[in-house]
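Visitor: Here you go, one structure.
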Amino acid sequence: MIFHKSGAGALGNNGSFLTTFSMLGFLPSFMRGVIATVLLAINTLFWCSLLFTCALVKLLLPFRAVRVRTDSILNAIATCWVACNSGWMRLTQRTQWDVQGLDDLRYEGWYLVNCNHQTWADIFVLQYLLNRRIPMLKFFLKQQLIYVPVIGLAWWALDFPFMKRHGKAQLRKHPELRAQDAQATRRACAKFALVPTSVMNFAEGTRFTAAKHAAQNSPYRHLLKPKAGAIALALNAMGERFHSLVDVTIVYAACAPGFWRFLCGDTPRVQVRIRQVAIPAQFCTGDYETDPAFRMAFQQWLLDLWQHKDAEIHALLEPDAVTNSPRGGLQPMLSGLWLVLGLLLLSPGTADAIGTLSPEGLRAQYAAMAPRLSASPFQGPLILESKETSSSNQGDVYAVVAHSFAEVSSALGDSSIWCDILILHQNTKYCRSTTDRSPARIDLRVGRKFDQPLADAQSFLFTWRAVAMRPDYIDIELDAPEGPLGTRDYRIVLEAIPIADGRTFIHMAYSFGMGASSQFAMNVYLATLGSGKVGFTQTGTPGQAPRYIGGRRGMTERNTMRYYLAIDSFLDTMSLPAGQRMEKSFQGWFNATEKYPQQLREMDAQTYLAMKRKEYQRQRIPVAP
């Protein structure tokens, strides 16, 4: 783990940079992840055994004097657990940290802590930086998390408040349920008042993902809309004790890491800004639930904080030229510890749905991207973006093609054409479209990068939908709910609009979700056979030899580009007679991939063409599903 700081080799009170040597930084990331996982599990089990013993005393002797004493001991045990986690992080991680604002924090005070939320790793970042600088962080947790093995009981022992989330329909039917979380908050805060505590709240209420950002129509570039209720209740219950609001902003280079990627130390850079904000006295006594004027004033105060945070994130992202905005997030968990203890109990994760932009949104996107398209490092007006979470991967291509919108719409609006496109990918072994039902179905078989029997390929059943076919906009979506080895939620989206000079602006996106078994298998592959493969996003320092993103993001970028090049190559053949299109498409796709040999070269032209000619003939004959 690497910090920068002039002078000392440990994080000083000024909270700027520090440098720490990572003893195991020379190991492959997969090995570092395994070591970190084992150390995290041992650390958790050891300290929890002590914590449960002390919690039993508190349970059997529920007196105020005993609680004050045992709460201090429980918090000390939890603080030691966090400190040991910091130890294995320093041992295994090679992260560059940029931290500002730790000065003037007091360990003996009470604090209300607020932070943007993107990933499980947020918890470890906060604990690493704030441990023993302010009192133990106490989080508001969803009620279901009390059942997490080992950790759920630990959270209960530490008096973490568990909140029930009721849906809008349920609240309309039972309005009295609104008071339950308020009562739980007040009970928790009454306990917090006994011992110095830092009450932690993620005001967004959930992790940031692009899909949630689009669904909310959030006015912020990098944040979801904040929820004021929990903060207002905490201030009402114990606002006079809070020294200040500690406002934390976390920014990850490139994208927020999944929990496994964080354990592997594959988080190149983390920027953290911490500032103390004075809490207006009137917000410590008002009634958020029943006083409309107070509620409006409080919400405006929080919105002002959020506007500052959004601007700060944007300023921190600008120097790195991060291209995957909005940034994605992760599975809705407040901690990744239970992954270590109950991995085999998990069901596969679900990918965040790709959000289409609508005609107006796509036109705005084109206008915003025009300078980048004209200066694209690719051989043509093209931008490739990607993001990764612990349970999903997504790549996006934005490109201008030299074909009229009518040509693009006519070709891509026909489901039977798509198999002629998908077969171009080197891993596609067979593709067959059926249109006897609605929506249309595409039977896709995927295998190795060489000629192999169809029985050895993996099967995907996609639905094909023309969601929009308008004179000025098309939206084509392919979805496969299940894939091999625990993968799921495969999705390909293509939307397009006409632009000047008879050209077309295309947005093509590809994504899939992963469960525990598929994630493990993927990490093994990327640590061994796939360790040298890279994508297109540059991660090196400007002015030095380019370095490219690897791992799952690199793999996602390679496949996204291959699918886009298949679409582009097929469009280039539309003016030819039908009998000549496939051969020309094969040659066009291979030549297009050869422009990027470091990322996309897998075989020579003769091998690829021979394999694809055989597979294309095979796919013209229906086979059993």
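Visitor: What ranking do 600-606, 112-118, 424-430, 210-216 get when scored by the average of other Cβ atoms within 10 Å per residue, highest first?
Guide: So the order, starting with the most tightly packed, is 112-118, 424-430, 210-216, 600-606.
Visitor: When you count, for each residue, the other Cβ atoms within 10 Å and take the mean per peptide, how do 395-404, 221-230 rank with the highest first?
Guide: 395-404, 221-230
Visitor: Let me ask something additional. Provide the three semi-axes, in whole Å and in decreasing order, of the ellipsoid equivalent to region 206-276 as defined by the square roots of 5 times the Cα gyration tensor eigenvalues.
Guide: One finds semi-axes of 27, 19, 11 Å for region 206-276.
Visitor: If you take the square roots of the eigenvalues of the alpha-carbon gyration tensor of region 380-420 and sort them as a ≥ b ≥ c, do you get rounded (a/c under 1.5), prolate (a/b over b/c) or oblate?
Guide: Taking the square roots of the gyration eigenvalues as a ≥ b ≥ c, region 380-420 is oblate.
Visitor: Let me ask something else. On each of the three principal axes of the Cα atoms of region 512-625, give max minus min coordinate, whole Å, ordered largest first.
Guide: 48, 41, 24 Å, listed from the longest principal axis down.
Visitor: Here is a further query. So for each of 277-286, 411-420, 123-132 I average, over its residues, the number of other beta carbons within 10 Å; can you give me the resulting order with the highest mean first?
Guide: 123-132, 411-420, 277-286
Visitor: Under a 5 Å amide H to amide H cut-off, with H placed in plane at 1.01 Å, what residues pair with T537 once short-range neighbours are removed?
Guide: Amide H neighbours of T537: I549.
Visitor: While we're looking at this one, here's another question. Evaluate the relative contact order of region 471-603 (contact order divided by residue number), counting alpha-carbon pairs under 8 angstrom at least 6 apart; express in whole percent.
Guide: Details: 175 pairs, mean separation 19.3, N = 133.
This gives 15 percent for region 471-603.
Visitor: How many percent of all Cα-Cα pairs in region 32-105 sit more than 21 Å apart?
Guide: So the portion of pairs separated by more than 21 Å is 46 percent.
Visitor: Hey, how much of the P(r) for region 430-474 falls beyond 12 Å, as a percent of Cα pairs?
Guide: 67 percent
Visitor: Please state, rounded to one decimal and in Å, the Kirkwood hydrodynamic radius that region 402-510 gives when every pair of distinct Cα atoms enters the mean of 1/r.
Guide: Evaluated on region 402-510, it is 14.9 Å.
Visitor: Which entries in the list K449/K584; K225/K533; K212/K533; K387/K612; K584/K614 go over 27 Å, if you measure between the two C-alpha atoms of each?
Guide: K225/K533; K212/K533; K387/K612
Visitor: Taking all pairs of distinct Cα atoms, average 1/r, flip it, and tell me the Kirkwood hydrodynamic radius of region 446-498 in Å to one decimal place.
Guide: Evaluated over region 446-498, this radius sits at 13.1 Å.
Visitor: Once you have a ≥ b ≥ c as the square roots of the Cα gyration tensor eigenvalues for region 390-452, tell me rounded if a/c is under 1.5, and otherwise prolate or oblate according to whether a/b is larger than b/c.
Guide: Oblate shape, in that a/c is at least 1.5 and b/c is the bigger or equal ratio.
Visitor: log10 I(q)/I(0), Debye, Cα-only region 528-572, no solvent, q = 0.18, 0.22 Å⁻¹?
Guide: -0.62, -0.76
Read-outs: derived from the displayed coordinates by stated rules, not from any lab. Everything numeric in this text was worked out from a predicted model, so none of it was measured. Don't worry about glycine lacking a Cβ; one is built from the backbone with ideal geometry, like all the others, and counts go over all protein chains shown.
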